[in-house]
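**Student:** Next up is a structure, given as C-alpha cells.
The values are calculated or read from the model by the stated rules, or taken from the named source; none is laboratory data. Model, not experiment: these values are computed from the prediction. Cβ: placed from backbone, ideal geometry, glycine included. Neighbour counts: every protein chain shown. To get the accessible areas, we keep the full protein, side chains included, count just its heavy atoms, and leave off ligands, DNA and RNA. Shrake-Rupley method; radii C 1.70, N 1.55, O 1.52, S 1.80 Å.
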Amino acid sequence: MPSERAMKTGSACPPPPGPGKLRLYSMRFCPYAQRTRLFLAAKGIQFETINVNLKDKPDWFLEKAPLGKVPVLEKDGKIVYESLVCNEYLDGIYPDKCVTPSDPLEKARQSMVLALWDAKVIGFYYKLMTGKEDERPALGKQFLDGLQFIEKALTQPFFSGNKAGALDYNLWPWFERLCMLKPIGVELSVDKFPQLTAWMERMLQLPEVKTCYFSPEAHAQFGKSWMAGSPDYDIGLEE
Ligand SMILES: N[C@@H](CCC(=O)N[C@@H](CS)C(=O)NCC(=O)O)C(=O)O
C-alpha cells in the first residue's frame, strides 16, 4: 500500500494509475478533498490516494493541477479538479448509487444552498480562525447569522431528503471542523440550531462519514500547525 505521507518538491512523480483505475490527489485535512472522499466512500468506489504537501508542492502536481489545489482526480490520463466538479464527475462515471440529484429543480436548490454557504458562512469561518481576538465577537455573530440560512434550508432529516446525498457530503467537512471554533466561543446551540445539531448527530452515524472522519484532537493539532505557518500534513502517520 502506498504511503499516506504528503509528497513534496523533489519527490518522484508516481507512475500513472493503471487503465480504469482512479486516483485522488488529496491532503488529509483538506475539507474540499473530504467532500470528494465522502462521495467516494458513499458510492463504494475503489481508488488510490496521493497526498500532497501544499506548502511545498511537487512540480508534477502543478503540471496536473493548474490551480495548485486539491482535490484532483486522475483516471485514464484525464484530470478533473475542483471538489464540486470532481463529485459530479464521479456520479457521471460511476452511476451506481448516484448521490447527485437528477431532478433539475432539486439540483438547483442544492446549488443555491451551496451558494448561500459560500456567500454567508464560509468566509467568516476562516476569518474566525485567523482573525484578531477583538474581531472575534463580531465575526462570530456574522458566522452564526449566516448559518441560519443553512438551518432554514434543512427541512428533512438530511439536506438531500431522507438519505444523505450530495449536499450533505459537500457541507459536512466544515461541520466536522466546528470543534475548532469552540475554544474561541463559537458553538451551535440546540435551541438556535435544532435542525443542524440533529443533522450532525445523524451524519456522525453514517459509515461514509466515519471512514473520512478525523477527531477534534487531530483537527486541533492540524489547525495549530497550519496557523503557525508549518502545517503538519502527516499527523498520526508512521515515519
Ligand atoms: N475551490 C476549490 C478549493 C480547494 C482548496 O482550497 N484546497 C486547498 C486545501 S484545503 C488547497 O489545495 N490549497 C492549496 C493552495 O491554495 O495553494 C475546490 O472546491 O476544490
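**Student:** Could you list, in sequence order, all residues of segment 83-105 that are surrounded by 16 or more Cβ atoms within 10 Å (Cβ to Cβ), more than 16 Å from the ligand (Cβ to nearest atom) and either without any contact (Cβ under 8 Å) to a residue 24 or more places away in the chain or of a type in the set (A, V, I, L, M, F, W, C) (or both)?
**Tutor:** Listed by number, the list holds a single entry, Val99.
**Student:** Also, quick follow-up: Of all residues in segment 54-64, how many are touching a strand residue (DSSP E or B) at 6+ places or on another chain (Cβ under 7 Å) and open to solvent by 20 Å² or more (accessible area, probe 1.4 Å)?
**Tutor:** Matching residues across segment 54-64 total 1.
**Student:** Select from segment 227-239 the residues that are surrounded by 14 or more Cβ atoms within 10 Å (Cβ to Cβ) and in contact (Cβ under 8 Å) with a residue 12 or more places away in the chain and list them in ascending order.
**Tutor:** Result: Pro231, Tyr233, Asp234, Ile235.
**Student:** Given the conditions (1) touching a Phe, Trp or Tyr at 6+ places or on another chain (Cβ under 6 Å); (2) closer than 15 Å to Met27 by Cα; (3) not hydroxyl-bearing (Ser, Thr, Tyr), and given that Leu90 satisfies all but one, which numbered condition is not satisfied?
**Tutor:** (2)
**Student:** Sticking with this one: Collect the residues in segment 65-82 that are over 29 Å from Lys163 (Cα atoms) and crowded, with 18+ Cβ neighbours inside 10 Å, keeping them in residue-number order.
**Tutor:** The answer is Ala65, Lys69.
**Student:** While we're looking at this one, here's another question. Every residue in segment 8-53 that is open to solvent by less than 50 Å² (accessible area, probe 1.4 Å) and part of a loop (DSSP other than H, G, I, E, B), please.
**Tutor:** Matches in segment 8-53: Ser11, Pro14, Pro17, Gly18, Gly20, Met27, Arg28, Phe29, Cys30, Ile45, Asn53.
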